[in-house]
Amino acid sequence: MQSTTVLISGAGVGGLALAYWLAGHGFQVTVVERAPALRPGGQAVDVRGPALEVAERMGVLEQLRGLATDMRGMSLVDASGQELYRSTEGTLSGGDFAAPDVEILRDDLCDLLYRTAADRTEYLFDDSVTALAQDGQRVQVTFERAAPRTFDLVVGADGLHSHTRRLAFGPEAACITHLGSYLSVFTAPNYLGLDRWQVWHQLGTAGGAFMTARDNTEIRVFAGFETPEPIDYDHRDIEAQKKLVHDHLADVGWEFPRALRYLWDAADFHFDSMSQIHLDQWWRGRVVLLGDAGYCGSPLSGQGTSMAMVGAYVLAGELKAARGDHRTAFPAYQDALRGYVAGNQQLALTNRSRVQAQTGTGQGGAVAEVEFPDLSQVVNSLVLKDY
Ligand SMILES: Cc1cc2nc3c(=O)[nH]c(=O)nc-3n(C[C@H](O)[C@H](O)[C@H](O)COP(=O)(O)OP(=O)(O)OC[C@H]3O[C@@H](n4cnc5c(N)ncnc54)[C@H](O)[C@@H]3O)c2cc1C
């Protein structure tokens with residue numbers, strides 16, 4: 001019997017993990033990625049709860065732990081650099097060191113996941129889907145570069161601004177919720193000589209953190225600002241986005257003005273809104289969404305990566321259980337994850353208030369004692385099935 005063919009749009013965390021699981025279950029997998037190679041950059045992301053179990057079942061948990069950011073702690077400083085708070089018990093980005101969670105740079109995680117199934121997956125880099133047409137039997141796909149092809153199923157794992165979602169579900173405006181801020185991440189040399197350390201600084205509605213990476217040779221600058229209304233900007237115009245970040249962060253003090261000099265040449269610059277995606281149904285016919293494309297929680301949830309890894313495991317498992325019948329598998333996938341996703345999306349809203357209070361943007365601009373909350377209930381609210 002011919003195996004079911006699946007096109008995955010997006011070689012991010014979700015798409016790469018799904019390729020591993022589907023290939024292992026005997027599906028024929030093609031991944032199309034808009035970037036010319038795996039996308040570099042990104043701050044640290046967290047792998048928690050059932051996502052650690054997924055990593056273990058993929059046989060990469062040990063490697064994942066070996067690639068962990070391994071921070072010693074964090075401090076919070078004022079505009080002149082005066083330390084207001086310090087902790088060696090955890091960081092604002094990764095949480096409590098006592099938790100079993102793994103904090104890892106996004107590019108290291110993508111590289112690790114890619115290697116798990118690269119030999120069993122067809123990759124089309126530097127390409128993108130331009131049209132999808134479903135005829136009840138299959139999906140006809142047109143690409144920017146590759147010749148048109150048909151697939152049995154298509155998975156949109158192409159992130160918050162998913163192009164697949166736009167093609168199969170309609171405009172983004174109908175499902176996106178702006179959480180009131182923007183985040184950018186870029187790499188700079190570790191000119192401050194920080195040692196496995198994170199420094200946070202916030203002035204009013206703008207600020208962020210410096211975090212060491214790659215054996216202290218570099219820092220990932222995490223620069224954010226709040227805007228009550230979404231900004232209208234061109235998602236493809238990187239220079240304009242860099243200017244936006246520059247204009248919002250130039251006056252926040254501490255080391256930001258100096259770090260922003262590295263912004264212009266940063267090849268791994270990432271900029272996006274803190275937003276969530278809410279859809280009543282995660283599939284349309286033979287097209288289904290995974291990770292940020294279907295149920296983004298925003299970086300404020302700290303759970304986007306775990307949701308994408310768990311989502312990949314469950315989607316592939318349900319497709320295996322239903323022998324490729326999407327009419328059974330897609331609703332089962334959503335049913336299995338719905339509560340877990342809702343809890344994690346809610347976590348973003350809780351975290352937003354907590355971070356504002358703890359970095360000095362809360363009421364009265366006071367700096368509260370940094371508490372690393374117990375996330376375990378939400379984070380572990382899903383028990384993985386065996387497929
Ligand atoms: C460059 C980058 C940096 C990030 N940095 C952070 C961070 O610092 N902190 C944080 O919490 N989260 C960050 N995120 C988001 C985080 O990676 C996700 O929330 C999480 O890992 C879930 O991943 P995902 O696979 O659903 O989506 P993503 O990780 O966003 O991956 C989506 C993939 O789809 C690709 N893609 C997009 N459009 C198309 C298209 N039209 N055709 C084909 N491919 C397409 C993208 O290039 C990307 O490789 C970042 C995402 C990206 C892309």
Name the pairs whose Cβ atoms lie under 9 Å apart, with the first residue in region 130-142 and polar (S, T, N, Q), the second surrounded by 13 or more Cβ atoms within 10 Å (Cβ to Cβ) and in a loop (DSSP other than H, G, I, E, B), and 6 or more positions between them or separate chains?
GLN134/GLY285; GLN134/ARG286; GLN137/ASP152; GLN137/ARG286
Taking ARG65 as the residue in question, decide whether it is away from the ligand (no atom under 16 Å from the Cβ), within 21 Å of LEU319 (Cβ to Cβ) and basic (Lys, Arg).
no
Of LEU124, LEU84, LEU132, the only residue that is assigned to a strand (DSSP E or B) and more than 24 Å from GLY12 (Cα to Cα) is LEU84
Residue list for region 252-297, filter: buried (at least 23 other Cβ atoms within 10 Å of the Cβ) and among the β-branched types (Val, Ile, Thr)
ILE277, VAL287, VAL288
Residue selected from region 283-329 under the condition among the β-branched types (Val, Ile, Thr) and closer than 23 Å to ASN380 by Cα, by the criterion farthest from the ligand (Cβ to nearest atom):
VAL314
Go through ASP119, ASP111, ASP195 for me and flag whichever is at pLDDT 95 or above, part of a helix (DSSP H, G or I) and more than 16 Å from the ligand (Cβ to nearest atom).
ASP119
Candidate set: region 277-314, residues that are small (Gly, Ala, Ser) and within 15 Å of ALA342 (Cβ to Cβ); chosen: the one nearest to the chain's Cα centre (by Cα):
GLY304
Determine whether LEU300 is at pLDDT below 95 and surrounded by fewer than 21 Cβ atoms within 10 Å (Cβ to Cβ).
no
Counted residues in region 23-41 being surrounded by fewer than 21 Cβ atoms within 10 Å (Cβ to Cβ) and in a loop (DSSP other than H, G, I, E, B) come to 10
Cross-chain or 6+ apart pairs with Cβ under 9 Å, region 167-194 first and free of Cβ contacts under 8 Å to residues at least 24 places away in the same chain, then basic (Lys, Arg):
GLU172/ARG165; GLU172/ARG166
For region 1-22, give me each residue that is assigned to a loop (DSSP other than H, G, I, E, B), of a type in the set (A, V, I, L, M, F, W, C) and either within 11 Å of the ligand (Cβ to nearest atom) or in contact with a Pro (Cβ under 9 Å, 6 or more places away or on another chain) (or both).
ALA11
Restricting attention to region 269-280, does a residue exist that is at pLDDT below 95, small (Gly, Ala, Ser) and either within 16 Å of the ligand (Cβ to nearest atom) or closer than 26 Å to ARG39 by Cβ (or both)?
yes
Of all the residues that make up region 176-204, how many are over 21 Å from SER298 (Cβ atoms), among the hydrophobic types (A, V, I, L, M, F, W, C) and surrounded by fewer than 21 Cβ atoms within 10 Å (Cβ to Cβ)?
4
THR150 fails exactly one of the following numbered conditions: (1) touching a residue at least 12 places away in the same chain (Cβ under 8 Å); (2) within 14 Å of the ligand (Cβ to nearest atom). What is the number of that condition?
(2)
Test: ALA173 is part of a strand (DSSP E or B), more than 16 Å from the ligand (Cβ to nearest atom) and surrounded by fewer than 17 Cβ atoms within 10 Å (Cβ to Cβ):
no
Being outside any loop (DSSP other than H, G, I, E, B) and in contact (Cβ under 8 Å) with a residue 24 or more places away in the chain narrows it down to one residue among ASP46, ASP70; which is it?
ASP46
Residue in region 23-61 that is farthest from the ligand (Cβ to nearest atom), counting only those that are out of contact with any Ser or Thr (no Cβ under 9 Å at 6 or more places or on another chain) and under 24 Å from THR217 (Cα atoms)
ALA37
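The values are calculated or read from the model by the stated rules, or taken from the named source; none is laboratory data. Just so we're clear, the structure is a prediction, and the values are computed from it rather than from any experiment. A quick note on method: Cβ atoms are made from the backbone with ideal geometry, for glycine too, and the neighbour counts reach across all protein chains shown.
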